[in-house]
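Q: Pasting a structure below so you can have a look.
Please treat every number below as a calculation from the coordinates, not as lab data. Computed from a prediction, not measured in an experiment: that's the story for all the values here. Here the Cβ is made from the backbone with ideal geometry for all residues, glycine too, and neighbour counts use every protein chain on show.
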Amino acid sequence: MSPTPRLLQHGRLLPELETALAAEFDVHRLAEEADPAAFLAAQGQHFTGLVTSAGVGADAALIAALPRLQVIASFGVGVDLVDLDAAAAGGIQVSCTPDVLNDCVADLAMGLMLDAARGISAADRYVRQGGWLKARYPLGHRVSGRRLGIVGLGRIGRTIARRAGGFDMDIRYHARRPVADVAWRHEPELVALAEWADFLVVIVAGGAGTRHLVDARVLDALGPEGFLINVARGSVIDEAALVAALQAGRIAGAGLDVFEAEPHVPPELFELDNVVLLPHIASGTVQTRRAMAELVLENLRAFYSDGRVLTPPA
């Protein structure tokens, strides 16, 4: 790779990844510029690569400001914030980091199910605040042997289903079309899946096509004994409808790792003990983040040596 490829970094990344990128490439951080637009207008033509993350992405304006851009490497599996149409129109290859985070996201989905149903976080607060000295903690809901509906059966969805099999759960899924070579039953109507399920786990891609896929109608179908778990994107759920459903007890509870306007969370949720709130940490383990960082590097190395990224979006 000579001369050293020039990469623009959009947003902060794992410190170890930033160090590794700087060791192999000529990297410039856009965030260090006082006037990013002026910098791009003057220097944008010098970059052939862009490194970003799932939470930051790359919109059409940024892509247009980099006329020699050839590759976008994103740290994360979601690419809903990367304008794939603009990239394709410019002949720009895009990579993300699938598979290496499947296990940790699935683990967290199961953890949220257990926490929401058994009230683990709420019970912890109850003990710390002295509630146990006054009364017994209310009964929770069993997870094992219950009915699990999975919204989206991609790599992570299938991993969640396998985890749930260990809990003897009855599993069905909703997707645009049936998935080949799986034993679980496909439910073509999301409302029907919600009516059937005790737990509804959302793990579909974000973007315009899935915005507010889980709306008031789906929540009402899930019902007052049903739990909603979201480890996908906040945009997939109508957040206002979810807040109203939780406040009114129209669903039993929820476990949320993502929100529509992260890191801003609807303050109404802070007052509710029937919802578990996490700061988007589904893939947030040392092991997974290191694997994601290495895959970003491998994609860039492959592109600049062989002309093709290894893991483009599915």
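Q: Select from VAL27, ALA216, LEU133 the residue farthest towards the positive end of the dipole of the chain; place +1 on Cβ of Lys and Arg, -1 on Cβ of Asp and Glu, and compute about the Cα centre.
A: LEU133
Q: At 7 Å along Cα-to-Cβ for each site, give me the label-to-label distance between ALA89 and ALA41 in nm.
A: 2.1
Q: Tell me, SER53, SER74 in order of fewest to most beta-carbon neighbours within 10 Å? Can you show the working numbers first?
A: On the way: SER53 25, SER74 28.
Fewest-to-most Cβ neighbours within 10 Å comes out as SER53, SER74.
Q: Another question about this same structure. For the chain, what are the DSSP H helices with axial Cα length of 20 Å or more and mean Kyte-Doolittle hydropathy of at least 1.0?
A: On the way: long enough: 102-118 (24 Å, 0.60); 286-306 (29 Å, -0.19).
None pass (Cα extent of 20 Å or more, hydropathy at least 1.0).
Q: Among residues other than ILE281 whose Cβ falls under 12 Å from its Cβ, what is the net charge (Lys/Arg +1, Asp/Glu -1)?
A: Details: positive: ARG289; negative: ASP107, ASP257, GLU262.
Combined, the nearby Lys, Arg, Asp and Glu give -2.
Q: Which value at 222 nm does the chain reach when only helices count, each DSSP H run of 4 or more adding -39,500 (n - 2.57), with the total divided by all residues and rounded to the nearest 500 deg cm²/dmol? Please list the in-between numbers first.
A: Numbers: 11 runs with 111 residues, N = 314.
Computed ellipticity for the chain at 222 nm equals -10500 deg cm²/dmol.
Q: Follow-up. List the relative contact order of segment 102-277 as a percent without decimals, with contacts defined as Cα pairs under 8 Å and 6+ residues apart.
A: Numbers: 329 pairs, mean separation 36.8, N = 176.
Dividing the mean separation by the residue count of segment 102-277 yields 21 percent.
Q: Right, here's the next one. Taking only the alpha carbons of segment 102-277, what extent do you get along each of the three principal axes, in Å, biggest first?
A: 53, 33, 28
Q: Placing unit charges on C-beta atoms (Lys and Arg positive, Asp and Glu negative, everything else neutral), compute the dipole magnitude of segment 102-277 about its Cα centre in debye, rounded to 20. Mind showing how you got there, number by number?
A: Numbers: 20 positive and 22 negative charges, 90 e Å.
I would put it at about 440 debye.
Q: Go ahead and collect, in residue order, the members of segment 113-146 whose backbone nitrogen is under 13 Å from a label point 7 Å along the Cα-Cβ direction of GLU225.
A: Zone members listed by number: 141-143, 146.
Q: With the convex hull built on the Cα atoms of segment 1-92, state its orientation-averaged projected area in nm².
A: On the way: hull surface 23.2 nm².
Computed as one quarter of the Cα hull surface, the answer is 5.8 nm².
Q: Answer with one residue from ALA252, THR285, VAL79: the one whose Cα lies farthest towards the positive end of the charge dipole of the chain, charges on Cβ with Lys, Arg +1 and Asp, Glu -1.
A: Looking along the dipole axis, the top candidate is ALA252.
Q: Under a 5 Å amide H to amide H cut-off, with H placed in plane at 1.01 Å, what residues pair with GLN9 once short-range neighbours are removed?
A: Placed amide hydrogens put HIS28, ARG29, LEU30, VAL51 under 5 Å from GLN9.
Q: Report the equivalent ellipsoid semi-axes for the chain in whole Å, largest first, defined as the square roots of five times the eigenvalues of the gyration tensor built from alpha carbon atoms.
A: For the chain, the semi-axes come out at 39, 21, 18 Å.
Q: If you don't mind, there's one more thing I want to ask. Dividing the Cα convex hull volume of segment 227-293 by residue count, how many Å³ per residue is that?
A: Numbers: hull volume 6.2 nm³, N = 67.
Here the figure is 92 Å³ per residue.
Q: I'd like to compare 167-173, 109-115: which one has the highest average count of other Cβ atoms within 10 Å, and what's the full order after that? Please report the intermediate quantities before stating the final value.
A: Numbers: 167-173: 17.9, 109-115: 22.7.
Going from most to least packed, we get 109-115, 167-173.
Q: Which distance in Å, rounded to a whole number, links the C-alpha centroids of segment 79-118 and segment 262-295?
A: Taking the Cα centre of each part, segment 79-118 and segment 262-295 sit 13 Å apart.
Q: Follow-up. Starting from the 7 Å offset along Cα-to-Cβ, what nm value, one decimal, do you get for the label separation of ARG162 and ARG118?
A: Going from the ARG162 label point to the ARG118 one covers 2.3 nm.
Q: A follow-up question, please. Can you compute the charge dipole magnitude of the chain about its Cα centre, using +1 on each Lys and Arg Cβ and -1 on each Asp and Glu Cβ, nothing else charged? Give it in debye, rounded to the nearest 20. List each step's numbers first, then the result.
A: Values: 28 positive and 37 negative charges, 156 e Å.
Value, rounded to 20: 740 debye.
Q: Using a 10 angstrom Cβ neighbour count of at most 12 plus a DSSP loop assignment to flag exposed GluC sites (Glu not before Pro), which longest range of the chain is free of such sites? Write out the running numbers ahead of the final one.
A: Numbers: sites that count: GLU189, GLU225.
By the stated rule (loop sites, at most 12 other Cβ atoms within 10 Å), 1-188.
Q: Which order do the peptides 92-98, 284-290 come out in when sorted by mean C-beta neighbours inside 10 angstrom, highest first?
A: Averaged packing, sorted descending, gives the order 92-98, 284-290.
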